[in-house]
Amino acid sequence: MSHGVVGRGLGYRVDGRDLITAVDVAAAPGELLAILGPNGAGKTTLLRVLSGEWPATTGEVELLGRPLTGLAPIQQARLRAVLPQQTVLTFAFRCLDVVLMGRYAATTGDDTAVAEAAMATTDSSHLAARAYPTLSGGEQTRVSLARVLAQETPVLFLDEPTASLDLRHQELVMRTLRGLADGGAVVVAVLHDLNVAARFADRVVLLAEGRVRAVGTTAEVLQAAIIEDVYEQTVTVVPHPVLGSPLILPHDR
């Protein structure tokens with residue numbers, strides 16, 4: 001696999017408890033990798049370790065062929081952008097100023113023009129003068145994603161980027177991420193909606209109890225037997241009638 005994001009033997013331990021154990025994961029340029037799993041599986045922990053927010057207890061992470069631990073914070077900021085589950089700002093920053101925060105490591109380009117273009121991409125231009133804390137959860141997500149896009153990095157880590165979005169904006173965000181991957185970026189996203197992952201991801205890594213239970217293409221991993229084993233929920237998997245991607249239908253036994 002071409003140099004992108006590589007994690008080898010990753011573990012993270014806190015308060016005597018292993019949140020992830022012996023995780024091997026890789027995502028190449030041009031690929032959208034979805035991290036899936038039930039609540040408490042270790043998805044957010046894995047994303048934080050891969051992005052460098054939390055140092056791995058065991059194992060190592062490489063970012064574009066370079067050890068993550070050897071990169072200074074400013075170097076990391078030029079290589080990868082991170083969208084957390086929630087961005088909490090209590091000070092009444094204007095939304096445009098929040099997006100401009102993504103430009104602090106940039107060395108080229110018109111910062112305001114880049115920020116405004118990112119807000120247009122996430123359908124948040126009309127929020128530019130609003131105070132960030134006054135926005136709804138979905139609006140905050142779109143502004144925060146604009147900040148990530150304004151960073152203009154070759155690698156993006158996103159934790160549940162569609163969790164608080166309505167149907168139209170969920171589609172907008174996932175098409176945007178798909179487009180970035182198609183343009184050569186490495187996109188790693190934690191997702192809860194298996195059908196969203198099936199439609200937009202190239203490959204998925206499925207976690208359970210902090211360990212990798214399956215990894216591969218969506219067709220290889222999103223099979224009824226695997227899903228039922230990990231999620232303890234009966235499902236039927238059929239081809240999407242329009243798109244052909246796996247369509248997961250939960251139902252009673």
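The values are calculated or read from the model by the stated rules, or taken from the named source; none is laboratory data. For clarity, every value in this text was computed on a predicted model and none was experimentally measured. Please note: Cβ atoms are built from the backbone with ideal geometry, for glycine as well, and neighbour counts cover all protein chains shown.
Quick notes on this one:
- Being under 15 Å from the mean Cα position of the chain (by Cα), more than 22 Å from THR45 (Cα to Cα) and modelled with pLDDT of 95 or more is true of ALA181.
- Only one of VAL99, VAL25, VAL49, VAL88 that is buried (at least 17 other Cβ atoms within 10 Å of the Cβ) and not assigned by the TED database to the domain that holds ASP159: VAL99
- Region 123-135, subset surrounded by 23 or more Cβ atoms within 10 Å (Cβ to Cβ) and part of a helix (DSSP H, G or I), residue modelled with the lowest pLDDT: TYR132
- Leading residue by the ranking (farthest from VAL187 (Cα to Cα)) among those in region 74-109 that are of a type in the set (Val, Ile, Thr) and touching a Leu at 6+ places or on another chain (Cβ under 9 Å): VAL98
- Any chance GLY138 is over 23 Å from VAL88 (Cβ atoms) and either in a strand (DSSP E or B) or not acidic (Asp, Glu) (or both): no
- For region 3-19, the set of residues classified as more than 24 Å from ALA181 (Cβ to Cβ) and either touching a helix residue (DSSP H, G or I) at 6+ places or on another chain (Cβ under 9 Å) or of a type in the set (Val, Ile, Thr) (or both) consists of GLY11, TYR12, VAL14, LEU19, listed by residue number.
- Exactly one residue among ARG78, ARG130 is of a type in the set (Lys, Arg), more than 30 Å from VAL49 (Cβ to Cβ) and not assigned by the TED database to the domain that holds LEU47, and that residue is ARG130.
- Qualifying residues in region 138-159 (those that are of a type in the set (A, V, I, L, M) and either within 13 Å of the chain's Cα centre (by Cα) or within 18 Å of GLN76 (Cα to Cα) (or both)) - the one surrounded by the most Cβ atoms within 10 Å (Cβ to Cβ): LEU145
- Yes/no for LEU206 being part of a strand (DSSP E or B) and assigned by the TED database to the domain that holds LEU47: yes
- Residue in region 192-205 that is over 17 Å from the mean Cα position of the chain (by Cα), under 18 Å from ALA34 (Cα atoms) and at pLDDT 95 or above present: no
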